[in-house]
Amino acid sequence: MKIEVTINGQKTVLEVAADELLADTLRAAGFASIRRGCDTTNCGLCTVWIDGKPTLSCATLSARMDGHDITTIEGVAGEAEAFARLLVAEGGEQCGFCSPGFIMTVLAMKRELADPTDEAITHYLTGNLCRCTGYMGQLRAVKKFLEVRS
Amino acid sequence: MKLVGKGVPKIDGLAIATGKPLYTEDLAPANALVVKILHSPHASARIKAIDTAVAEGVEGVACVLTHKDVPKVRFTLAGQTYPEPSPYDRLILEDLVRYVGDEVAIVAAVDERTAQRALELIKVDYEVLTPVLDFEQAIGHPSVVHPETDLHCNFDIGHDRLRNIAATHKVEVGDIAAELAASDVVVEETYYTQAQAQAMMETYRAFSYLDHAGRLVVVSSTQIPFHVRRHLARALELPASRIRVIKPRIGGGFGGKQTAVVEIFAAIVTLRTGRPAKIVYERKETFTATNSRHAMRLKVRLGADRGGLIRAIDVQCLSDTGAYGEHAPTVFSVAGEKSLPLYNKARAVRYAGHAVYTNKLPAGAMRGYGATQGCFAVESAVNKLADALGIDPCELRRKNIIRAGEIDIYHNRILGSSSLDRCIERGRELIGWLDKYPRRDLGGKVRAVGMAVTMQGSGIAGIDTASAEVRLNDDGNYTLLLGSTDMGTGSDTILAQMAAEVLETSMDTIIVHAADTDVSPFDTGSYASSTAYVTGMAVVKAAGELREKIIVAAAALMNAAPAEVTFDGSILTGPAGATITLAELAQRSVVGPDRRQLSGYASHGSPVSPPPFVAGFAEVEIDKETGKVELLDYIAVIDCGTVVNPNLARIQAEGGLVQGIGLALYEDVKYDERGALQTNSFMTYKIPSRKDIGTVRVFFEESYEPTGPFGAKSIGEVVNNTPAPAIVHAVRNAIGAWLTRLPLTPEKVYAAMVK
Ligand code: FES
Ligand code: FES
């Protein structure tokens, strides 16, 4: 079937199968930043924004995206890089495989929460797993990011 | 030093963090066939018949391969230096399946949907056999996991196929029975550690194609490109010269990718069809059909005198290697080798036992590689001994630990460096041991602290070899060629830091290339905590050689003796103020006849494997109503020699500690009664999330390792080991009962509490 979606500000018509998942559709459309770490909505690697809300693209049917607005990390490159610099300065990306999904959640959190506590930050980001870093470095980077920007 | 010791950001950090297409799957050709595997539903079965005709008839299916279509030469997938100590107990496909998940058929089709459909259309007629599932029953069990007679071992590893013994190992120094008998106090306990999934975020994947010369090119997310080439050559009966292995960015490994799990399947499809092929394992396949940490049972006996000197250490170990023996003998021996030498006042030590086959997921390499298991058992026993003697466990360690300059009884080698005593002291202060030990009862909850120490190694003594090349390019920049794999550890960055330090240049003048077996200098691979130490020394030597050559070349141009020339990294200065810039020298070295591009090339192997050390301290809070253990605070004080890059070392440590916390508290491997892995997703197999870990704090107590690059030792694995024993110790201090089986689920803690 055909769907009309806006991806990173660009209106696009895509041909998708009825049972196709958004993660696959986006990767096939050339958005290589979409990673998958599970098939069970546990890891958060595949996070993108749908109408501005962080959403797991591995658990979203592409067919339902008709008329919706999708943002991948490629669409917020400047802001993503600003945070990535802080993350990298901490060493908070190791293999980096979880980073794009994590960054999309961090940027969404920044829009959603004003002046969050450590607990609120951790709570917001809980759905984003990382097997490499042990999370502490990511938290340090997020806190710097929020201070820098607020 | 200008760069060594600085928190330089990773050279590929921004690109990987922002999702650039750099990993294996991103690079696969769009027209690659999709390869899928049919996995066995039975723990043990003989394939009586297999019918692929319908599957092959599906439009878009390129090939379906079964045990009838593959070479008949046995091999091991363990990424180890040839001749591998692991048994050659595998075929690509076989008519016998040995665990739920074992490979039955390989399908390749134009797309995922078609491949999946074809898989479902293969008909297999199994004769279901009785499996061996309990590793404590494996030796002498009537069911034999490997009945085949063509299994082969490169060494005598004490393999006894008909008794399900994959490997046997024994080290005994001194008279253990006599020392135990003469001890004032003897403690004894049996400990169990579970299998643990490496659970790297990027699952196993590879793709392959034939190049312009008809050679097989395999691109893989692997820690061991050179070993993969050798495995492929043997298993596919192809000369190694016809194979090229490339590793791009890697989404984590933790030892899992030291076993070549999927490369052969893509490669055989490319060889059979002539077409590009790719394989990407799902998470469920990664849990059920690859490899994990070895589960172990360790029986420890410690003998000590009343003053607290440990005189005898005896460990009897049984290790579950599952259906295949990758890393079975070596993980087994490391469990003793990296835990017994810590207590060097002992007059007798013994470590012995077997690794056994069962009809379960094969075990393989995982961060800590046996040392984690050995450390858990020995440290728990030492804490128990402290109780028995009424001595503070920090004090007991101070009395007994090996010191720099001592000869360790286990290896009979001198210890070059250690600051473990300082690590213990500092950790003790940081956690507030004096105020908190052993417990504070808060009514419904109780808080307590516990501790443990550990050691690992840096590379494999006498075996690991790495080579490195540094070239001076025509424009005055350098290319650093490596054969090691950066799995996210930042090893490419720290190796570039070392080269830049020697050449007195900046990071941006060094181009790092790793790894491609056609181009890269040989490296055994990134495992055994070897990269910073072994490859690092190769880099230091290669950069040093190039530096000399630069000076000699400049001296020749100035008609001076090399000793008269100085080099500050960009300008060479000779007698009477003569100067030449590096850029000019570089340019002149590649122009005209009789010129020669300058490069340094060196190999390094080490006769020793200097141990890094950690002192770990845990503070826990236990809910008396539920048995739930909450980790409040974890402190690790680490001796990894010189800290080459503090930011990257700290993250390495934090990540390893959290994996150790997962082992201690959450990661629970469960099988059903038929031998199927129940914990086959992140729904059921719980790795720690950011809410589960409390605060993890890392500190360094530097030492200087004389055999390491700039005094450095390793850090990758050692950080994995202390959480389990330290948390068990804290739980014991909280509830008064010792737990001996990991993980410490609330049920187990509650049961121990009310007993
Ligand atoms: S891939 Fe894991 S949550 Fe989407
Ligand atoms: S950096 Fe590797 S999983 Fe997060």
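Below is a table of values for the structure above.
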| item | result |
| --- | --- |
| Loop-located GluC sites (Glu not before Pro) in segment B:640-674, at most 16 other Cβ atoms within 10 Å (DSSP) | B:GLU673 |
| Lysines with Cα under 18 Å of B:LYS299, excluding same-chain neighbours fewer than 8 positions away | B:LYS170, B:LYS338, B:LYS384 |
| Computed [θ] at 222 nm, helices only, for the protein assembly as shown once each DSSP H run of length n ≥ 4 contributes -39500 (n - 2.57) | -8500 deg cm²/dmol |
| Spin-label zone in segment A:62-91 - amide nitrogen under 17 Å from a point set 7 Å from the Cα of A:GLU4 along the C-beta vector | A:63-70 |
| Trypsin sites (Lys or Arg not before Pro) restricted to DSSP loop in segment B:632-718 with at most 11 other C-beta within 10 Å | none |
| Long-range Cα-Cα pairs in chain B (distance over 53 Å), rounded percent | 13 |
| 10 Å Cβ shell holding at most 16 others, DSSP loop, chymotrypsin sites (Phe, Trp or Tyr not before Pro): longest site-free stretch of chain B | B:156-521 |
| Under the Debye formula (equal points on every Cα, no solvent term), log10 I(q)/I(0) of segment B:266-417 at q = 0.08, 0.09, 0.10, 0.13 Å⁻¹ | -0.33, -0.40, -0.47, -0.68 |
| Percent RCO, i.e. relative contact order, over chain B, from Cα pairs under 8 Å lying at least 6 residues apart | 15 |
| Gained length - B:THR273 relative to B:ALA556, 0.36 nm times residue gap less alpha-carbon distance | 96.2 nm |
| Relative contact order (%) - segment B:150-296, alpha-carbon pairs under 8 angstrom, separation at least six | 29 |
| Aspartates and glutamates with Cα under 13 Å of B:LYS624, excluding same-chain neighbours fewer than 8 positions away | B:ASP441, B:GLU747 |
| Backbone N within segment B:601-629 under 18 Å of label point (7 Å from B:ARG403 Cα along the Cβ vector) | B:613 |
| The protein assembly as shown - charge dipole about Cα centre, Lys and Arg +1 at Cβ, Asp and Glu -1, debye rounded to 20 | 660 |
| Spin-label model distance (nm) - B:GLU188 vs B:ASP672, 7 Å beyond Cα toward Cβ | 4.0 |
| Stretchable slack from B:ASP160 to B:ASP95, in nm (0.36 nm times residue separation minus alpha-carbon distance) | 21.2 nm |
| Label-point separation in nm, B:ASP594 to B:ASP51, each point 7 Å along Cα→Cβ | 8.0 |
| Label-to-label distance, nm, for residues given as A:GLU81 and B:ASP623 (7 Å Cα→Cβ offset) | 4.7 |
| Kirkwood Rh and Cα Rg combined as Rg/Rh, segment B:377-434 | 1.02 |
| Loop sites in segment B:582-631: trypsin sites (Lys or Arg not before Pro), DSSP, at most 13 other Cβ within 10 Å | B:ARG595, B:ARG596 |
| Segment B:84-176: relative contact order in percent, alpha carbon pairs under 8 Å with at least 6 residues between | 29 |
| Given charges at beta-carbon only (K, R positive; D, E negative), |dipole| of segment B:99-174 in Debye | 20 |
| Net lengthening on full extension, B:ILE463/B:GLN316 (0.36 nm per residue, minus Cα-Cα) | 50.3 nm |
| Helix runs (DSSP H) in chain B reaching 20 Å along axis by Cα, Kyte-Doolittle at least 0.0 | B:371-389, B:536-557, B:646-665 |
| Crossing angle, helix A:99-112 versus chain A [Cα axis fit, 0-90 degrees, rounded to tens] | 80 |
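Rule-based calculations on the coordinates, nothing more; no lab input. Please read all numbers here as calculations on a predicted model, not as lab measurements. All Cβ positions, glycine included, derive from the backbone under ideal geometry; neighbour counts span all protein chains shown.
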